[in-house]
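Visitor: Dumping the structure here so I can ask a few things about it.
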Amino acid sequence: MPGDLLVRIGAIVFIIGALATLATITPLFIGTHPLPTAAYLVCMLMGVGFLLALTGLLRSALAQRRRTRLSATATPN
């Protein structure tokens, strides 16, 4: 499917962002100094990964819909 690679990449980027989020909130719970700003910027990858995966799902759905329409018009009733 056309969007499968985007879904996989989006899942990996989302997981990286989720791990960064856990890493940035952990110091707040254990009472140490917060991580630098760069760590918080990596947390934004969570949203980027979600958007990539959603785009891949939409591409797959549109391709499947297009394929279904083509097969429906190719076979006469």
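Visitor: Could you do me a favour and compute the accessible area per residue for the chain, 1.4 Å probe, result in Å²? Before the final figure, lay out each step's value.
Guide: Working: 5850 Å² over 77 residues.
So the chain comes to 76 Å² accessible per residue, rounded to a whole number.
Visitor: Just from its helices, what would the mean residue ellipticity at 222 nm be for the chain, if runs of 4 or more DSSP H residues each count -39500 (n - 2.57) and the sum is divided by every residue, rounded to the nearest 500 deg cm²/dmol? Working shown, then result.
Guide: On the way: 3 runs with 64 residues, N = 77.
Per the formula, -29000 deg cm²/dmol.
Visitor: Oh, and also: If Rh is defined by the Kirkwood formula over all Cα pairs and Rg also comes from Cα, what ratio Rg/Rh do you get for the chain? Please report the intermediate quantities before stating the final value.
Guide: Working: Rg = 19.7 Å, Rh = 14.6 Å.
We get a ratio of 1.35 for the chain.
Visitor: With axes computed from alpha carbons, what is the tilt in degrees of helix 45-74 against the longest principal axis of the chain, rounded to the nearest 10 within 0 to 90?
Guide: Here the helix axis deviates by roughly 10 degrees.
The values are calculated or read from the model by the stated rules, or taken from the named source; none is laboratory data. In this text the structure is predicted, and so the values were computed from the model without any measurement. Just so you know, the surface numbers come from the protein's heavy atoms only, side chains and all, with ligands and any DNA or RNA stripped out. Shrake-Rupley method; radii C 1.70, N 1.55, O 1.52, S 1.80 Å.
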